Amino acid sequence: AQSVTQPDIHITVSEGASLELRCNYSYGATPYLFWYVQSPGQGLQLLLKYFSGDTLVQGIKGFEAEFKRSQSSFNLRKPSVHWSDAAEYFCAVGRSYNTDKLIFGTGTRLQVFP
Amino acid sequence: SQTIHQWPATLVQPVGSPLSLECTVEGTSNPNLYWYRQAAGRGLQLLFYSVGIGQISSEVPQNLSASRPQDRQFILSSKKLLLSDSGFYLCAWRWGRDTQYFGPGTRLTVL
(Lines give C-alpha, C1' and ligand atoms only; values in the text may rest on other atoms or scores of the structure.)
Protein backbone atom coordinates (compact mmCIF):
# COMPACT_ATOMS: atom_id res chain seq x y z
CA ALA A 1 0.00 0.00 0.00
CA GLN A 2 1.10 3.53 -0.67
CA SER A 3 1.94 5.49 2.44
CA VAL A 4 3.99 8.30 3.90
CA THR A 5 5.47 8.13 7.39
CA GLN A 6 6.67 11.05 9.40
CA PRO A 7 7.98 9.34 12.52
CA ASP A 8 8.41 12.49 14.59
CA ILE A 9 5.11 13.93 15.77
CA HIS A 10 6.69 16.83 17.64
CA ILE A 11 10.21 18.28 17.52
CA THR A 12 11.62 21.05 19.67
CA VAL A 13 14.81 22.90 18.76
CA SER A 14 16.57 26.04 19.87
CA GLU A 15 16.76 29.00 17.54
CA GLY A 16 19.93 28.79 15.49
CA ALA A 17 20.17 25.00 15.76
CA SER A 18 20.08 22.74 12.76
CA LEU A 19 16.95 20.81 11.84
CA GLU A 20 16.12 17.56 10.11
CA LEU A 21 12.56 16.32 9.66
CA ARG A 22 12.19 12.74 8.53
CA CYS A 23 9.93 11.40 5.82
CA ASN A 24 9.73 7.84 4.57
CA TYR A 25 7.45 6.67 1.84
CA SER A 26 6.14 3.48 0.35
CA TYR A 27 5.21 3.89 -3.29
CA GLY A 28 5.13 1.41 -6.13
CA ALA A 29 6.05 3.78 -8.95
CA THR A 30 8.49 6.64 -9.39
CA PRO A 31 7.21 9.23 -6.95
CA TYR A 32 6.91 12.96 -6.96
CA LEU A 33 7.75 14.22 -3.48
CA PHE A 34 6.72 17.40 -1.70
CA TRP A 35 7.20 19.22 1.57
CA TYR A 36 4.56 21.69 2.72
CA VAL A 37 4.44 23.92 5.78
CA GLN A 38 1.33 24.98 7.67
CA SER A 39 1.12 27.77 10.22
CA PRO A 40 -1.70 27.51 12.79
CA GLY A 41 -5.10 28.07 11.22
CA GLN A 42 -3.62 28.56 7.77
CA GLY A 43 -3.45 26.67 4.52
CA LEU A 44 -0.43 24.74 3.29
CA GLN A 45 2.50 26.46 1.63
CA LEU A 46 4.83 24.57 -0.69
CA LEU A 47 8.42 24.50 0.58
CA LEU A 48 10.00 22.36 -2.12
CA LYS A 49 9.42 19.47 -4.47
CA TYR A 50 11.35 16.68 -6.14
CA PHE A 51 10.47 15.23 -9.51
CA SER A 52 13.75 13.99 -10.96
CA GLY A 53 17.40 14.91 -11.44
CA ASP A 54 19.59 16.23 -8.65
CA THR A 55 18.55 14.45 -5.47
CA LEU A 56 19.27 17.50 -3.30
CA VAL A 57 16.60 20.13 -3.84
CA GLN A 58 16.50 23.65 -2.55
CA GLY A 59 13.32 25.33 -1.41
CA ILE A 60 12.07 28.53 0.05
CA LYS A 61 12.99 29.93 3.47
CA GLY A 62 16.42 28.24 3.42
CA PHE A 63 15.07 24.67 3.45
CA GLU A 64 16.49 21.78 1.46
CA ALA A 65 15.61 18.12 1.11
CA GLU A 66 17.45 15.07 -0.11
CA PHE A 67 15.83 12.20 -2.00
CA LYS A 68 17.35 8.83 -1.18
CA ARG A 69 15.78 6.15 -3.31
CA SER A 70 17.58 3.28 -1.54
CA GLN A 71 16.13 4.39 1.78
CA SER A 72 12.75 5.55 0.45
CA SER A 73 13.32 8.81 2.27
CA PHE A 74 12.93 12.50 1.57
CA ASN A 75 14.18 14.29 4.68
CA LEU A 76 13.86 18.03 5.11
CA ARG A 77 16.77 20.05 6.50
CA LYS A 78 17.65 23.55 7.52
CA PRO A 79 21.08 24.54 8.85
CA SER A 80 19.88 27.25 11.22
CA VAL A 81 16.30 27.46 12.45
CA HIS A 82 14.53 30.77 13.02
CA TRP A 83 11.69 31.32 15.47
CA SER A 84 9.38 31.98 12.53
CA ASP A 85 9.92 28.39 11.34
CA ALA A 86 7.66 27.12 14.13
CA ALA A 87 4.81 25.40 12.28
CA GLU A 88 3.62 21.99 11.15
CA TYR A 89 5.41 20.30 8.29
CA PHE A 90 3.87 17.76 5.94
CA CYS A 91 5.57 15.41 3.55
CA ALA A 92 3.54 14.18 0.56
CA VAL A 93 4.01 11.76 -2.32
CA GLY A 94 2.23 11.59 -5.64
CA ARG A 95 2.38 9.71 -8.89
CA SER A 96 4.72 11.15 -11.47
CA TYR A 97 3.00 13.23 -14.16
CA ASN A 98 -0.34 13.10 -12.32
CA THR A 99 -0.47 14.30 -8.77
CA ASP A 100 -4.25 14.27 -8.39
CA LYS A 101 -3.99 11.83 -5.49
CA LEU A 102 -1.37 13.08 -3.10
CA ILE A 103 -0.72 10.99 -0.02
CA PHE A 104 0.21 13.02 3.01
CA GLY A 105 2.06 12.11 6.16
CA THR A 106 0.51 12.96 9.50
CA GLY A 107 2.83 15.92 9.98
CA THR A 108 5.60 17.02 12.33
CA ARG A 109 4.99 19.95 14.63
CA LEU A 110 8.10 22.09 15.08
CA GLN A 111 8.53 24.21 18.16
CA VAL A 112 11.41 26.70 18.33
CA PHE A 113 12.78 28.04 21.59
CA PRO A 114 14.66 31.38 21.72
CA SER B 1 -0.44 35.34 -10.55
CA GLN B 2 -2.89 32.79 -9.25
CA THR B 3 -4.95 33.20 -6.10
CA ILE B 4 -7.25 30.78 -4.33
CA HIS B 5 -10.04 31.89 -2.03
CA GLN B 6 -12.15 29.95 0.45
CA TRP B 7 -15.13 31.07 2.45
CA PRO B 8 -16.23 31.23 5.02
CA ALA B 9 -13.05 31.17 7.09
CA THR B 10 -14.83 29.71 10.10
CA LEU B 11 -18.23 28.13 10.54
CA VAL B 12 -20.14 26.73 13.50
CA GLN B 13 -23.15 24.64 12.57
CA PRO B 14 -25.59 22.43 14.49
CA VAL B 15 -25.85 18.72 13.81
CA GLY B 16 -28.32 18.03 11.03
CA SER B 17 -27.94 21.41 9.34
CA PRO B 18 -26.83 21.81 5.71
CA LEU B 19 -23.37 22.90 4.62
CA SER B 20 -21.96 24.83 1.70
CA LEU B 21 -18.27 25.74 1.46
CA GLU B 22 -16.99 27.59 -1.55
CA CYS B 23 -13.61 27.72 -3.24
CA THR B 24 -12.64 29.92 -6.17
CA VAL B 25 -9.41 30.26 -8.10
CA GLU B 26 -8.24 33.34 -9.96
CA GLY B 27 -5.56 33.76 -12.57
CA THR B 28 -5.76 30.37 -14.24
CA SER B 29 -8.16 28.43 -16.41
CA ASN B 30 -9.25 24.81 -16.37
CA PRO B 31 -7.43 23.91 -13.17
CA ASN B 32 -7.80 20.61 -11.37
CA LEU B 33 -9.52 21.30 -8.07
CA TYR B 34 -9.41 19.39 -4.80
CA TRP B 35 -11.17 19.25 -1.42
CA TYR B 36 -9.28 17.92 1.58
CA ARG B 37 -10.23 17.48 5.22
CA GLN B 38 -7.73 17.77 8.01
CA ALA B 39 -8.78 16.34 11.37
CA ALA B 40 -6.89 17.14 14.55
CA GLY B 41 -3.62 15.22 14.78
CA ARG B 42 -3.96 13.76 11.31
CA GLY B 43 -2.68 14.49 7.87
CA LEU B 44 -4.81 15.56 4.97
CA GLN B 45 -7.47 13.31 3.56
CA LEU B 46 -8.48 13.84 -0.05
CA LEU B 47 -12.28 14.03 -0.28
CA PHE B 48 -13.02 15.02 -3.88
CA TYR B 49 -11.23 16.19 -6.96
CA SER B 50 -12.38 17.61 -10.26
CA VAL B 51 -10.68 17.81 -13.65
CA GLY B 52 -13.38 19.96 -15.25
CA ILE B 53 -16.85 21.49 -14.99
CA GLY B 54 -19.35 18.93 -13.75
CA GLN B 55 -16.66 16.24 -13.33
CA ILE B 56 -16.30 15.06 -9.73
CA SER B 57 -14.34 12.12 -8.37
CA SER B 58 -15.11 10.98 -4.85
CA GLU B 59 -12.34 9.43 -2.83
CA VAL B 60 -14.07 8.68 0.45
CA PRO B 61 -17.72 7.62 0.79
CA GLN B 62 -19.28 9.92 3.34
CA ASN B 63 -21.83 12.50 4.21
CA LEU B 64 -20.43 15.11 1.83
CA SER B 65 -20.76 15.95 -1.85
CA ALA B 66 -18.97 18.30 -4.22
CA SER B 67 -19.92 20.24 -7.30
CA ARG B 68 -18.12 22.33 -9.89
CA PRO B 69 -20.64 24.65 -11.52
CA GLN B 70 -18.01 26.89 -13.11
CA ASP B 71 -14.46 26.41 -14.32
CA ARG B 72 -12.83 28.00 -11.29
CA GLN B 73 -15.45 27.32 -8.62
CA PHE B 74 -15.60 24.25 -6.41
CA ILE B 75 -18.29 23.73 -3.77
CA LEU B 76 -18.41 21.27 -0.89
CA SER B 77 -21.87 20.47 0.46
CA SER B 78 -23.79 18.38 2.90
CA LYS B 79 -27.53 18.00 3.41
CA LYS B 80 -27.21 17.05 7.09
CA LEU B 81 -24.03 17.58 9.06
CA LEU B 82 -22.69 15.04 11.52
CA LEU B 83 -20.44 15.65 14.50
CA SER B 84 -17.72 13.75 12.66
CA ASP B 85 -17.77 16.34 9.85
CA SER B 86 -15.94 18.81 12.07
CA GLY B 87 -12.48 19.68 10.84
CA PHE B 88 -10.38 21.99 8.75
CA TYR B 89 -11.33 21.92 5.07
CA LEU B 90 -8.79 22.85 2.48
CA CYS B 91 -9.26 23.52 -1.19
CA ALA B 92 -6.37 23.18 -3.62
CA TRP B 93 -5.74 23.67 -7.32
CA ARG B 94 -3.32 22.29 -9.86
CA TRP B 95 -2.55 23.21 -13.45
CA GLY B 96 -0.14 21.08 -15.36
CA ARG B 97 1.48 17.97 -14.17
CA ASP B 98 2.80 18.72 -10.79
CA THR B 99 2.17 20.90 -7.79
CA GLN B 100 -1.02 21.43 -5.82
CA TYR B 101 -1.47 24.87 -4.25
CA PHE B 102 -3.68 25.29 -1.23
CA GLY B 103 -6.21 27.84 -0.07
CA PRO B 104 -6.42 29.33 3.43
CA GLY B 105 -8.94 26.76 4.68
CA THR B 106 -12.30 26.75 6.47
CA ARG B 107 -12.60 25.69 10.09
CA LEU B 108 -15.89 23.83 10.55
CA THR B 109 -17.24 23.01 13.98
CA VAL B 110 -20.37 20.90 14.23
CA LEU B 111 -22.11 21.05 17.61
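If I ask for residues that are part of a loop (DSSP other than H, G, I, E, B) and touching a Ser or Thr at 6+ places or on another chain (Cβ under 7 Å), which ones from region B:58-79 would you list? The answer is B:N63, B:L64, B:D71, B:R72.
I'd like the residue in region B:1-17 that is surrounded by fewer than 16 Cβ atoms within 10 Å (Cβ to Cβ) and either within 18 Å of B:R68 (Cα to Cα) or hydroxyl-bearing (S, T, Y) (or both) and, out of all such residues, is nearest to the other protein chains (Cβ to nearest Cβ). Only one residue fits best here, namely B:T10. If you check A:K49, A:K68, A:K61, A:K101 for being buried (at least 16 other Cβ atoms within 10 Å of the Cβ) and either within 30 Å of B:H5 (Cβ to Cβ) or out of contact with any Pro (no Cβ under 6 Å at 6 or more places or on another chain) (or both), only one passes: A:K49. Inside region B:87-105, residues that are more than 12 Å from B:A9 (Cα to Cα), in a loop (DSSP other than H, G, I, E, B) and either at pLDDT 95 or above or more than 7 Å from every other protein chain (Cβ to nearest Cβ) (or both) make up a count of 2. Looking only at region A:90-114, residues that are assigned to a strand (DSSP E or B), over 23 Å from B:S58 (Cβ atoms) and within 11 Å of chain B (Cβ to nearest Cβ) come to 3 in all.
In region B:58-82, the residues that are within 25 Å of B:Q2 (Cβ to Cβ) form Cβ pairs under 6 Å with partners that are of a type in the set (F, W, Y), at six or more places apart or across chains, as follows: B:A66/B:W35; B:A66/B:F48; B:R68/B:F74; B:L76/B:W35.
Can you name the residue in region A:35-71 that is modelled with pLDDT of 95 or more and in a loop (DSSP other than H, G, I, E, B) and is also farthest from the other protein chains (Cβ to nearest Cβ) among such residues? Only one residue tops the list, namely A:F63. Does region B:45-53 include one or more residues that are loosely packed, with under 13 Cβ neighbours inside 10 Å and either modelled with pLDDT under 90 or farther than 23 Å from A:C91 by Cα (or both)? Yes: region B:45-53 contains one or more residues that are loosely packed, with under 13 Cβ neighbours inside 10 Å and either modelled with pLDDT under 90 or farther than 23 Å from A:C91 by Cα (or both).
Is at least one residue of region B:30-37 over 16 Å from B:P69 (Cβ atoms) and surrounded by fewer than 13 Cβ atoms within 10 Å (Cβ to Cβ)? Checked region B:30-37: no residue is over 16 Å from B:P69 (Cβ atoms) and surrounded by fewer than 13 Cβ atoms within 10 Å (Cβ to Cβ).
Cβ-Cβ distances below 6 Å connect the following pairs, each with a first residue in region A:1-23 that is of a type outside the set (S, T, N, Q), a second residue that is modelled with pLDDT of 95 or more and exposed (fewer than 14 other Cβ atoms within 10 Å of the Cβ), and a separation of six or more residues or different chains: A:E15/A:W83; A:G16/A:S80; A:R22/A:P7.
Can you find a residue that is in contact with an Asp or Glu (Cβ under 9 Å, 6 or more places away or on another chain) and under 17 Å from B:T109 (Cβ atoms) anywhere in region B:39-62? Scanning region B:39-62, I find no residue that is in contact with an Asp or Glu (Cβ under 9 Å, 6 or more places away or on another chain) and under 17 Å from B:T109 (Cβ atoms), so the answer is no.
The values are calculated or read from the model by the stated rules, or taken from the named source; none is laboratory data. All of these numbers come straight from a predicted model, not from anything done at the bench. Note that we place each Cβ from the backbone using ideal geometry, even for glycine, and neighbour counts take in every protein chain shown.
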